[in-house]
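J.: Sharing a structure with you now.
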Amino acid sequence: MRYFTLTAQSDRVDLAELPQVGDSAVRMSRRQALLALAAAGGALAAGPLLGALVQGSDPADPTHQGMEPLPPRRWAMVIDLRRCDGCKKCTEACQAKHYLPPQQEWIKVYTLRDRTGAEFNMPRLCMHCEDAPCVRVCPVTATFVDRDGLVLVDQDKCIGCRLCMAACPYEARYFNWTEPKTRPPLPTKATPEFPSPQQRGTVGKCVLCVHNIKFGQLPYCLEACTMGAIYIGDLDADVATNGTETVRLSSFLSENNAIRLKEELNTKPRVWYIPGHGEDLEW
Amino acid sequence: MVATAAEFGEGAALRAAAFRPVQTPGRWFWPVFAALGALVAVAAAAYGYQLLAGLWVAGYGDAAFYGIYEANLVAFIGVSYGGALVSAVLRLTNARWRAPITRMAEAMALVSLVVGGSFAIIHLGRPERIWQLVTRPQAASPIVWDVIAISTYLAATLIFLYLPLIPDLAIARDRLGPSAGRLRRAFYRVTAVGWTATPAQRQRLNWSVGAIAILIIPLAITVHSVLAWAFSMTSRPGWHSTIFGPYFVIGALYSGVALVIVVVAAFRKAYRLEPYIGLPHFVSLARIMAVLGGVYLYFTFSEMLTTGYVRTREEASIVAVLLEGSFAPAFWGFMIAGILIPIALSLVPATRQVRYLVLAGVLAVVGMWLKRLLITLPTATAPLIGDVWGSVQFTWVAIVITLGATAAIPLGLMIIFRFVPILALDEMMEADSRELPQPVAEQPLGAEGVL
């Protein structure tokens, strides 16, 4: 199976074809809604239905806390593989600034070989899929999509069943198998947007530095990248930046034959990769 | 102290045998009870340690997020299923030989379901939040389907055990006398719900047992399909398979019938039930087991062939580790000792002896547990990007908890049979009476023909 699939680029960056991001915490696709109906009908149980109703109007829902009335964004990330030298400064910065235990590589740099045998580096973070399998399988809506399309985890709600780890096709999710030894110096309240310290027995993953980008700051991994390989952008505003240069996102993606990981799974990632110059992509 | 044969009245010997575990369980009972109880207690202590230390003590890691507990969950719930199905199907097909074994099969279904279901809690990182599955369920999640299916099925197995028990509980209420003790007598009085075997009561009971026997079949299929779907609703190689629902169902049935053989043999020996349960019972059960084993073999072959033939990158790596890689010894060991040998022992006339059939059952039960590990481990440790495999550690915590859970099944059955008869008395007497030929010869010959 290929990790990257080449399809016509115009399909991918045609913004009109991308679905609009709603405000609800967990956007349900039509398929999910059907599944939900089927499951609810099959349950014949008042308890779950009641819970589902209550949950819809939960004022303590994390997505409604501390959100400024800014227009919704459709965050996207682009990783230019031609520039990545595999130094792992992105991983180190992410771990240090999120106070993560060493095995939690929210951005992990894989060293892979293409079909010609040539080594290349591929940083992998959470793809923040528009149709995220992890969100679909979470039994308690602990993992959810925020209004800007970011997939976040509420570690106060996670029961630690790890089905999201099974469902994620990108190995982007990590479990706190033990009490995390790394903690912020000041006692802070962990939130889904800045989940530090991590909670034992729950799942953690890349938050695309929503705590930064929401306020116009750059993600830590991007800041740390000396090669300028990581871009953050907004599909609606159609701009992206790696901190030093700013590009028009749609043409940047199409002109560079940008691809998404495991396109065949239809998860619609928000992270694009720019592969090397004419390399064989089927590793 | 003990109700005498005279007190038992009709069918005295049978009743005495069925109530022996209740009245005089035997000298071995308390030592065995203590040993099994100790295993369960040690497992509980290990679980306490896991709660304090975190799930890593069970051998997990980020590159091995599922492992032994998930295999246990599937394996223990699976055997439950076999118990319920054997009893239900044999009831519905009116197989009279079933009567002496249904009680044990139904009790085993209940106990192993409780034990298996507990692994759904044991494997959680935050078990104290499990109530959220009820208060904030996300209906599209297979785990929510699991919760609904397993709890419904638990209720059904309880009813399925209880309904046919009512006439037997009434016998206990009427015949056991003060020697049974105050607690038991109160228990029998309440649970017998005023059964006096009137025709109306009997008709209602027969209807209800028939209804639950029919209901429990789709329920049991649902439970195990949903359990399979928790795996196959992911895109992981080895799990994302359309065959998984029926594949799990057949595996559950196969291991379940095998455990019925083992349980029946163990309690037959322990409580001297040889007059009521003989070789024909084991031969019949073993034949059912052999057929199911054959179907499981076919499913396994079908899965390996379709994925191994097309050889997409990720699927091929799973097939490769099973057939010729690090899991190959376990896989081929299962295929031979877990399926082929049990089938052979069950069908070959030369091994048509209780001990060989029990051996076949043990091999099938252990083999199917191993097979569940072979379902969870390769996929949970396979890389989705790159080629670095993870690995599961077999830690003492996971092993002790697994052993404790295994011990909990005989322990639970021993406790149940301290309170209720181990044989389905009423059904057995009914089956006997139906088999008795009517005294045709005593009717005046041609008495009606004259008219």
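J.: Of B:Gly181, B:Thr93, B:Phe419, whose Cα points farthest to the positive end of the dipole of chain B (charges on the beta-carbon: +1 Lys, Arg; -1 Asp, Glu; origin at the Cα centre)?
T.: Among B:Gly181, B:Thr93, B:Phe419, the one farthest towards the positive end of the dipole of chain B is B:Gly181.
J.: As an exercise, use a Förster radius of 60 Å and the Cβ-Cβ distance of B:Ser284 and A:Glu179 to find the FRET efficiency, rounded to the nearest 0.05.
T.: Taking R0 as 60 Å, the efficiency between B:Ser284 and A:Glu179 is 0.65.
J.: Here is a follow-up. I need B:Tyr47, B:Tyr309 ordered by Cβ neighbour count within 10 Å, fewest first.
T.: Lowest count first: B:Tyr309, B:Tyr47.
J.: Sticking with this one: What is the mean number of Cβ atoms from other protein chains located within 10 Å of the Cβ atom of each residue in peptide B:143-151, rounded to a whole number?
T.: The mean count of partner-chain Cβ atoms within 10 Å per residue comes to 5.
J.: Where does chain B land at 222 nm, in deg cm²/dmol rounded to the nearest 500, when only DSSP H runs of n ≥ 4 count, each adding -39500 (n - 2.57), divided by all residues?
T.: It lands at -23500 deg cm²/dmol.
J.: Label points 7 Å out from Cα along the Cβ direction at B:Phe394 and B:Trp30: separation in nm?
T.: 3.6 nm
J.: Another one. Inside 10 Å of the C-beta atoms of A:165-178, what's the mean count of C-beta atoms belonging to other chains?
T.: Per residue, the average neighbour count from other chains is 6.
J.: Any chance you could check the Cα centroid distance between region B:153-214 and region A:193-218 for me, in angstrom?
T.: Distance between centres, Cα-based: 58 Å.
J.: Got a sec? How would B:Trp332, B:Trp195 order by Cβ neighbour count within 10 Å, fewest to most?
T.: B:Trp332, B:Trp195
J.: With respect to the cross-link table entries A:Lys89/A:Lys205; A:Lys89/A:Lys189; A:Lys262/B:Lys371; A:Lys108/A:Lys181; A:Lys214/A:Lys262; A:Lys157/A:Lys189, which display a Cα-Cα separation exceeding 25 Å?
T.: A:Lys89/A:Lys189; A:Lys262/B:Lys371; A:Lys214/A:Lys262
J.: Given B:Phe244, B:Gly48, B:Ala380, which one lies farthest toward the positive end of the charge dipole of chain B, if we put +1 on the Cβ of every Lys and Arg and -1 on the Cβ of every Asp and Glu?
T.: In chain B, that residue is B:Gly48.
J.: Which whole number gives the average, over all residues in B:227-234, of C-beta atoms from other chains lying within 10 Å of the residue C-beta?
T.: That works out to 3 on average.
J.: Viscosity 1.567 mPa s, temperature 4 °C: Stokes-Einstein D of region B:17-430 from its Kirkwood Cα radius, in µm² per second?
T.: 58 µm²/s
J.: I've got another one for you. Only counting other Cβ atoms within 10 Å, I'd like B:Ile343, B:Ile214 sorted with the fewest neighbours first.
T.: In order of increasing Cβ crowding within 10 Å: B:Ile214, B:Ile343.
J.: Shifting gears a bit: Roughly how many debye, to the nearest 20, is the charge dipole of the protein assembly as shown about its Cα centre, given +1 on each Lys and Arg Cβ, -1 on each Asp and Glu Cβ, and no other charges?
T.: Computed charge dipole of the protein assembly as shown: roughly 2160 debye.
J.: Size of the dipole of region B:17-430 about the Cα centre, Lys and Arg at +1 and Asp and Glu at -1 on the beta carbon, nothing else charged, in debye to 20?
T.: Around 1480 debye, computed over region B:17-430.
J.: Further question on the same structure: Of B:Val283, A:Pro102, A:Tyr231, which is farthest on the positive side of the dipole of the protein assembly as shown, counting Cα position, with +1 on Lys and Arg Cβ, -1 on Asp and Glu Cβ, and the Cα centre as origin?
T.: So the residue furthest toward the plus end is B:Val283.
J.: Here's another thing I want to ask about it. Please list the three semi-axes, largest first and in whole Å, of the ellipsoid equivalent to the protein assembly as shown, using sqrt of 5 times the eigenvalues of its alpha carbon gyration tensor.
T.: Over the Cα atoms of the protein assembly as shown, the ellipsoid semi-axes are 58, 26, 23 Å.
Every number here is computed from the coordinates shown, using simple stated rules; none is lab data. Computed from a prediction, not measured in an experiment: that's the story for all the values here. Glycine gets a Cβ as well: all are built from the backbone with ideal geometry, and neighbour counts include every protein chain shown.
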